Amino acid sequence: MPYREQIDKKHIPTHVAIIMDGNGRWAKQRGQVRSFGHQAGAETVHVIAEEAARLGIRFLTLYTFSTENWNRPADEVAALMGLLMDSIEEETFMKNNISFRIIGDTEKLPADVLLRLNQCIARTAANTGMCLTLALSYSSKWEMAEAMKQIALKVKNGEVAIEDIDDRLISGHLSTNYMPDPDLLIRTGGEVRLSNYLLWQCAYSELYFCDTFWPDFHEEEFCKAIYDYQRRERRFGKTSEQI
């Protein structure tokens, strides 16, 4: 039976985060340049976004480009930025009632790319369905350092007392403050690490790793991950009897 049909529609994770890995290796297997894999991966983004919206997931956050990715060859970075411009399809967002957001050190993005992204954010802001967030020029360590700077400045200005600093205050100063922490983190491509992605937010997320390269990660693979999540017991430090 397909995993899509086995999913419990009453137990859908609220927030799913994904590390979309394997585009370059997928292209290499086919004797193609890495940009060919990134193009295929961009098409998968639309497939998974529509499937997530159909399932009723409220937040989908995709690791699209890390701060470390700026160190890749210049031609690959340029190709990725161009692909980002071309792959933002507002029609898909509007048709599925999806709002669009971005997180990360966006000041490093090319001006034309940032303009295009902000236009999409503005035009989809009134949509009330799933929120799709792209992590662009993103690093969890960068994000936490920025949050600490904001809090330190408030302490300096007497707006916050040191005794008031707790996990909720820190979470409120992260770029993800408009969404709950991920229930499920998926990583494709066979690697088993978080790669500086949502480190604070994923403290209690369920982790799902698979060998499938991102361009081949379609609806059934996604539903398999959701099904696997639903078979787990989330205890958050408690015992099974306390749940």
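A few points about this structure:
- Checking each residue in segment 181-240 for being of a type in the set (Asp, Glu) and either more than 30 Å from ALA147 (Cα to Cα) or out of contact with any helix residue (DSSP H, G or I) (no Cβ under 6 Å at 6 or more places or on another chain) (or both) picks out ASP181, ASP183, GLU191, ASP211, ASP216, GLU219, GLU220, GLU221, ASP228, GLU233.
- Of all the criteria given as (1) surrounded by fewer than 17 Cβ atoms within 10 Å (Cβ to Cβ); (2) touching a strand residue (DSSP E or B) at 6+ places or on another chain (Cβ under 6 Å), the one not satisfied by LEU132 is (1).
- Of the residues making up segment 146-179, those that are open to solvent by less than 80 Å² (accessible area, probe 1.4 Å) and either at pLDDT below 95 or within 15 Å of ASP105 (Cα to Cα) (or both) are GLU146, ALA147, HIS173, LEU174, SER175, THR176.
- Residue check, PHE93 out of contact with any Gly (no Cβ under 8 Å at 6 or more places or on another chain), among the aromatic types (Phe, Trp, Tyr) and in a helix (DSSP H, G or I): yes
- For segment 74-108, taking the residues that are among the hydroxyl-bearing types (Ser, Thr, Tyr) and modelled with pLDDT under 90, the one that is surrounded by the most Cβ atoms within 10 Å (Cβ to Cβ) is identified as THR92.
- Residue list for segment 161-215, filter: touching a Cys at 6+ places or on another chain (Cβ under 9 Å) and of a type outside the set (Val, Ile, Thr): TYR178, MET179, ASP181, PRO182, LEU185, ARG187, GLY189, GLY190, LEU194
The values are calculated or read from the model by the stated rules, or taken from the named source; none is laboratory data. Since we're looking at a predicted model, the values are computed, not measured. Glycine gets a Cβ as well: all are built from the backbone with ideal geometry, and neighbour counts include every protein chain shown. Heads up: the accessible areas ignore ligands, DNA and RNA and are worked out on the full protein's heavy atoms, side chains in. Shrake-Rupley method; radii C 1.70, N 1.55, O 1.52, S 1.80 Å.
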